[in-house]
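> Got a structure for you, written out below as structure tokens; questions coming shortly.
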Amino acid sequence: KAVYELSRGGKVDFTDTKNSSKIALDFKTNDGRIYMALPAEIAKVSLKTPATVTAGEKFTVTAEILDTTGKPVQALLPVSFSITDAKGRTLDGGPYGCAVDGVWKFETVCPLNAEEKLQVVLKDRASGLKAEGTIKVGKAK
């Protein structure tokens, strides 16, 4: 089992007994928290991108948020992501999404003015784990 704090991100210590689970809370600043309990820890974020795309071409990025058994986490998991080009310009469509049962898919179009490469960064907001990928960009025909 694992508990994560979603507004700040990160794993939270808790105690678990036969009939209950307890989380130590500290509200010194009167702010709120959102907690998520899962049957297993989030162990890894994997990212699948195409190796190359052509400027103007549609492509899909897929991420999996995996538990300690290597299976996608069966939950709705908040993610943040960015796709930037070689000049540091961010593509439209972000920066937040939701992985459904541990899988997040995002479909977008490579800009016509993209050069060299696209850098993809995805962060699981619960665990704070990240995955990155690079896509080579070819010239439009």
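> What's the total number of residues in the range 74-108 that are surrounded by fewer than 16 Cβ atoms within 10 Å (Cβ to Cβ), in contact (Cβ under 8 Å) with a residue 24 or more places away in the chain and not in a strand (DSSP E or B)?
4
> Right, here's the next one. Quick check, is residue 126 outside any loop (DSSP other than H, G, I, E, B), of a type in the set (A, V, I, L, M, F, W, C), at negative phi and surrounded by 16 or more Cβ atoms within 10 Å (Cβ to Cβ)? Please lay out each step first, then the result.
Numbers: outside any loop (DSSP other than H, G, I, E, B): no; of a type in the set (A, V, I, L, M, F, W, C): yes; at negative phi: yes; surrounded by 16 or more Cβ atoms within 10 Å (Cβ to Cβ): yes.
It is false that residue 126 is outside any loop (DSSP other than H, G, I, E, B), of a type in the set (A, V, I, L, M, F, W, C), at negative phi and surrounded by 16 or more Cβ atoms within 10 Å (Cβ to Cβ).
> Is one or more of the residues making up the range 75-97 within 17 Å of residue 127 (Cα to Cα), in contact with a Ser or Thr (Cβ under 6 Å, 6 or more places away or on another chain) and of a type in the set (A, V, I, L, M)?
There is no residue in the range 75-97 that is within 17 Å of residue 127 (Cα to Cα), in contact with a Ser or Thr (Cβ under 6 Å, 6 or more places away or on another chain) and of a type in the set (A, V, I, L, M).
> Right, another one. For the range 109-119, enumerate the residues that are aliphatic (A, V, I, L, M) and surrounded by fewer than 21 Cβ atoms within 10 Å (Cβ to Cβ). Give the steps one after another, and end with the answer.
Let us first name the residues in the range 109-119 that are aliphatic (A, V, I, L, M), namely 109, 112, 114, 118.
If the condition is that a residue be aliphatic (A, V, I, L, M) and surrounded by fewer than 21 Cβ atoms within 10 Å (Cβ to Cβ), then 109, 112 are the ones that fit.
> If you go through the range 3-18 one residue at a time, do you hit one that is basic (Lys, Arg), assigned to a loop (DSSP other than H, G, I, E, B), at pLDDT below 90 and open to solvent by 40 Å² or more (accessible area, probe 1.4 Å)? Break it down stepwise before answering.
From the range 3-18, those basic (Lys, Arg) are 8, 11, 18; that's our starting set.
With assigned to a loop (DSSP other than H, G, I, E, B) added as a condition, the list becomes 8, 18.
Still in the running and at pLDDT below 90: 8, 18.
Now drop any that are not open to solvent by 40 Å² or more (accessible area, probe 1.4 Å), which leaves 8, 18.
Among the residues of the range 3-18, at least one is basic (Lys, Arg), assigned to a loop (DSSP other than H, G, I, E, B), at pLDDT below 90 and open to solvent by 40 Å² or more (accessible area, probe 1.4 Å), which makes the answer yes.
> Out of the residues in the range 39-53 that are open to solvent by 40 Å² or more (accessible area, probe 1.4 Å) and outside any strand (DSSP E or B), state the one that is nearest to residue 116 (Cα to Cα).
Within the range 39-53, the match that is nearest to residue 116 (Cα to Cα) is 51.
> Do we have residue 56 as open to solvent by less than 50 Å² (accessible area, probe 1.4 Å), over 20 Å from residue 8 (Cβ atoms) and without any contact (Cβ under 8 Å) to a residue 40 or more places away in the chain here? Steps first, please.
Details: open to solvent by less than 50 Å² (accessible area, probe 1.4 Å): yes; over 20 Å from residue 8 (Cβ atoms): yes; without any contact (Cβ under 8 Å) to a residue 40 or more places away in the chain: no.
In short, no.
> Tell me, which residue of the range 129-141 that is buried (at least 16 other Cβ atoms within 10 Å of the Cβ) and within 10 Å of the chain's Cα centre (by Cα) is farthest from residue 91 (Cα to Cα)? Quick ask: steps written out before the conclusion?
Filtering the range 129-141 down to residues buried (at least 16 other Cβ atoms within 10 Å of the Cβ) leaves 129, 131, 133, 135, 137.
Remaining after also requiring within 10 Å of the chain's Cα centre (by Cα): 129, 131.
Working: 129: 22, 131: 18 Å.
Ranking the candidates gives 129 first.
> Taking the stated definitions as given, is residue 68 surrounded by fewer than 15 Cβ atoms within 10 Å (Cβ to Cβ) and either without any contact (Cβ under 8 Å) to a residue 60 or more places away in the chain or farther than 17 Å from residue 131 by Cβ (or both)?
Working: surrounded by fewer than 15 Cβ atoms within 10 Å (Cβ to Cβ): yes; either without any contact (Cβ under 8 Å) to a residue 60 or more places away in the chain or farther than 17 Å from residue 131 by Cβ (or both): yes.
Judged against the criteria, residue 68 is a match.
> Mind listing whichever residues of the range 21-38 are assigned to a loop (DSSP other than H, G, I, E, B) and either surrounded by 10 or more Cβ atoms within 10 Å (Cβ to Cβ) or modelled with pLDDT of 85 or more (or both)? Show your work before the answer.
Pass one, the range 21-38, residues assigned to a loop (DSSP other than H, G, I, E, B): 24-34.
Of everything in the range 21-38, those that are assigned to a loop (DSSP other than H, G, I, E, B) and either surrounded by 10 or more Cβ atoms within 10 Å (Cβ to Cβ) or modelled with pLDDT of 85 or more (or both) turn out to be 33, 34.
The values are calculated or read from the model by the stated rules, or taken from the named source; none is laboratory data. All figures in this text were calculated on a predicted structure; none of them were measured in a lab. As a convention, Cβ positions derive from the backbone with ideal geometry for all residues, glycine included, and neighbour counts pool all protein chains shown. Please note that ligands, DNA and RNA were not included when accessible areas were found on the heavy atoms of the full protein model with its side chains. Shrake-Rupley method; radii C 1.70, N 1.55, O 1.52, S 1.80 Å.
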